[in-house]
1. What does the charge count near residue 138 come to, summing +1 for each Lys or Arg and -1 for each Asp or Glu among other residues with Cβ under 9 Å from its Cβ?
2. Over the Cα atoms of segment 239-365, what radius of gyration and what Dmax do you get, in Å?
3. Just name one of 221, 40, 330: the one whose Cα is farthest towards the positive end of the charge dipole of the chain (beta-carbon charges, Lys/Arg +1, Asp/Glu -1).
4. On a C-alpha basis, how far is the centre of segment 122-141 from the centre of segment 28-81 in Å? Whole number, if you could?
5. With equal scatterers on the alpha carbons only and no solvent term, can you work out the Debye log10 of I(q)/I(0) for segment 158-283 at 0.17, 0.20 1/Å?
6. Taking the radius of gyration and the Kirkwood hydrodynamic radius from Cα positions alone, what is the Rg/Rh ratio for segment 64-191, to two decimal places?
7. What size of dipole, in debye to the nearest 20, comes out for segment 42-279 about its Cα centre when the only charges are +1 on Lys and Arg C-beta atoms and -1 on Asp and Glu C-beta atoms?
8. Say the dipole of segment 42-279 comes from +1 at the beta carbon of Lys and Arg and -1 at that of Asp and Glu; which of 246, 129, 189 then lies farthest toward its positive end?
Amino acid sequence: MAVADVAEIRSRFPALQRRQAGHLAAYFDGPGGTQVPAVVVEAMADYLLHHNANTHWAYATSAETDALLADARSAVGDFLGCGSDEVVFGANMTTLTYHLSRALGRGLEAADEIVVTRLDHQANVAPWFDLARERDLVVRAVPFDAATGRLDVDRYHELVGPRTRIVALGAASNALGTVTELEPLLEHASSAGAFTFVDAVHSAPHSLPDVHRLGCDAFACSPYKFYGPHLGALFVKASRLATLDVPRLPCAGDDGGERLETGTLPHEAMVGAGATVDFLAGLATGDQSEAPRRERLAHVFHELEDRAATLLERLWRGLEAIQAVTLYGPPPGTLRTSTLAFTVDGVPSDEVTRRLSDDDGVFTSHGDFYASTVVEDLGLPADGLVRAGVAIYTTAEEVDRLGRGVARIAAG
């Protein structure tokens, strides 16, 4: 089983035909949201144009909607490594996390403790602090090593104790690309009796999730970070899902993931999320007719991770050679994603991004990326970092163009 090459992959994305500053636009903004292949948009349009209805009624398009949403849950379940009845959809990861936190909070008592980290996106920090204020709980934050970009594991073990009820960890830093080895941390939290929550929004596009092997209670991601529509997806272990005291309407669905879903969701986006998983699985070429979707996904992700690591190293080495550039986070060849953060001496991050766009047709992002504690602990000003992410459609030419543009900016 082979995997489509980058030229074939690029042909699936109409956005990659955009021209900017005399070049085909180079999208390094994937950590904030990737581009979308035509097949995903077509699936969403087909739903809206030919099957659009609300759910669970005894007429044709409603039944078709039920079937399409069930297919979407099955596909996302294959992506996450869980059952379709453990998949919850929502507006975005942040909304899902707030909702889950409220459900968990109903079973907590004053002075119970929550452990978070300073390496994470605020979507996996602020909901837990808000819950603590409402319920008179204690939040303990695990620091990270600014020099390496890695979590202080020793401090983590000190902070998880007998009053710990929730542990919220990030699988990877959306600012620095750091990947955290979660299994031993989750095992420690579970042995203490804590509910374990993983923010995998940044890691899921780079490494195929396997939530049952990981052993967490809940795991959140965002399909729009891995070539899908704007939507949030959440795994909750079936045994936990069945017992959560969820804020919900008394007449709402009570089966599987529907227990945590409120109101009418964007059906077209849910269908699109399923189509996204099928797009990724479909990048496996050759005789694949007998291969299960999960098996094809695993093969595709393994190959794409290797390609991304090669491009990341090329980008890192190019930027490392520029005297005025400072790189942050773990170096290539270590446990990390293909997302790179840097600053240019004396040039604000938004100016770097603007000049790369205007002069080189290169799209990067800038700021703190809602990982505000990372920027604070690195001792950086409020304008933060420049971030460049390698995606499945990134080419070596684009990497080199980004490096040349940064060198020119650094030279003044």
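1. Details: positive: 140, 163; negative: 112, 113, 136.
Residues near residue 138 contribute -1 overall.
2. Final numbers for Rg and Dmax: 22.0, 63 Å.
3. Going by the Cα projections, it comes out as 330.
4. Distance between centres, Cα-based: 33 Å.
5. Reported log10 I(q)/I(0), two decimals: -1.01, -1.25.
6. Taking Rg over the Kirkwood Rh, I get 1.01.
7. Working: 17 positive and 32 negative charges, 126 e Å.
For this selection, approximately 600 debye.
8. 129
Any read-out appearing in this document is the output of simple, stated calculations on the displayed coordinates, not a laboratory observation. Since the model is a prediction, treat every value here as computed from it, not as a measurement. Positions of Cβ are backbone-derived with ideal geometry, glycine not excepted, and every protein chain shown enters the neighbour counts.
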